[in-house]
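Read the structure below first, then the notes.
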Amino acid sequence: MSLTDFIAGLPKAELHVHHVGSASPRIVGELATRHPGVVPGDPQALREFFAFRDFAHFIEVYLAVVDLVRTPEDVRTLTYEVARDMTGQSLRYAELTCTPYTSVVRGIPIEAYTEAIEDARTAAERDFGLVLRWIYDIPGESGLPAADATLSYALEHAPDALVGFGLGGPEIGVPRPQFQPHFDAARAAGLRSVPHSGETTGPESVWDACRLLGAERIGHGISAAEDPELLAHLAAEGITLEICPSSNVATRAVASLDAHPLRAIVDAGVRVTVNSDDPPMFGTSLNEEYAVAARLLDLDEQGVAELAREAVRASFAPAAVRQSLLAEIDAYAAP
């Protein structure tokens, strides 16, 4: 069996993948047909639409796709179809990062949003055997009003499957410390802290995520490679970095895959998981990201299987789900 085939069949969990950003061209095309406008429905035109100049342009395009999700039925369709696509990559568990604020400001009541994602989640588990959990994240570009609203959604309208509280969007001009009260409140309510940091900014934003936001995992965090003291801190505290190699190249956070600091981060003893972030927008998949990581880290089948186990161990999945998935990985990877 080739390593590509091994990865394709390997049971996996994914921890850093965005709800709207996971919509395949098929799903985006369907939504664009429902709501004609800026986003093209034609697959070739959509590929060109998803060619990003830089991170700011990516945010602009991302929000244009968000604008296609206008009704509770759009939310349900998107969620269920994303789950269908995930199942095709041997995913058994995923934590989808949702940004309810961007839907609520477009006219979807939070109660209807919550009902739609939960309805799709239970249907996906029934139909595909995929277990989904939610992370609600603050869209950093919308500032403190969005943070206040997102916290209220998480505390007062929490879906059954909500496990984490995050912070996404641009980092430049969006300092992490201003969100400390929101993360303090979310953590006090039992939600786990998973902010993005150190994707397009330096190590200080990763330090802020650790010291001020109580991060258990950090989205990206790749600038930590510039600070040996920070790498040592992450390793000692067991704080996991959610690494998304192709995403970092697509948004120009790193110059190329060969220039990616994944190897330096792993060599420093930092725990990492491999993820796809916004896969259709970046022309990738979780399977492809595993193949990239295998090349950058010189991994064989057993090394790739250990990457899959690490995602399960770093997840916020119920204990029974973690145990079952680890056993499935062990059985699949047995010599």
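Quick one: what are the phi-derived ³J(HN,Hα) couplings along the range 315-328, Karplus 6.51/-1.76/1.60 with θ = phi - 60°, whole Hz, x for glycine and proline?
Once rounded to whole Hz, the list reads 7, 9, 5, x, 4, 5, 5, 4, 4, 5, 5, 4, 5, 5.
Where the centre of each part is set by its Cα atoms, how far does the range 49-97 sit from the range 125-147, in angstrom?
If you average the Cα positions of each part, the centres end up 11 Å apart.
Looking at the range 3-325, what % of the alpha carbon pairs are farther apart than 24 Å?
When all Cα pairs of the range 3-325 are counted, 50 percent exceed 24 Å.
Rounded to the nearest 500 deg cm²/dmol, what is the calculated helix-only ellipticity per residue at 222 nm for the chain, with -39500 (n - 2.57) per DSSP H run of length n ≥ 4?
-15500 deg cm²/dmol
What whole number of Å gives the distance from the Cα centroid of the range 221-294 to the Cα centroid of the range 157-180?
The two parts, judged by their Cα centres, are 20 Å apart.
In whole Hz and in residue order, list the ³J(HN,Hα) couplings for the range 106-119 that follow from phi through the Karplus curve 6.51 cos²θ - 1.76 cosθ + 1.60, θ = phi - 60°; x for Gly and Pro.
3J(HN,Hα) across the range 106-119, in whole Hz: 8, x, 8, x, 4, 4, 6, 4, 4, 4, 5, 5, 5, 4.
Based on a Kirkwood Rh over C-alpha pairs, give the Stokes-Einstein translational diffusion coefficient of the range 1-139 at 4 °C and viscosity 1.567 mPa s in µm²/s.
Details: Rh = 15.7 Å.
The diffusion coefficient I find is 82 µm²/s.
Around ARG192, under 11 Å between beta carbons, what's the net of Lys plus Arg minus Asp minus Glu among the other residues?
That sum, taken over residues with Cβ under 11 Å, equals +1.
How large is ³J(HN,Hα) for each residue in the range 85-101, as worked out from phi by the Karplus curve 6.51 cos²θ - 1.76 cosθ + 1.60 (θ = phi - 60°), to whole Hz, x for Gly and Pro?
Per-residue couplings from phi come out as 5, 4, 4, x, 10, 6, 6, 10, 8, 8, 9, 8, 7, 10, 10, x, 4 Hz.
Each value in this text was obtained by applying a stated rule to the coordinates, not by laboratory testing. Here the structure is a predicted model, which is why all the values come from computation and not from measurement. Methodologically, a virtual Cβ is constructed for each residue, glycine included, from the backbone with ideal geometry; neighbour enumeration extends over all protein chains shown.
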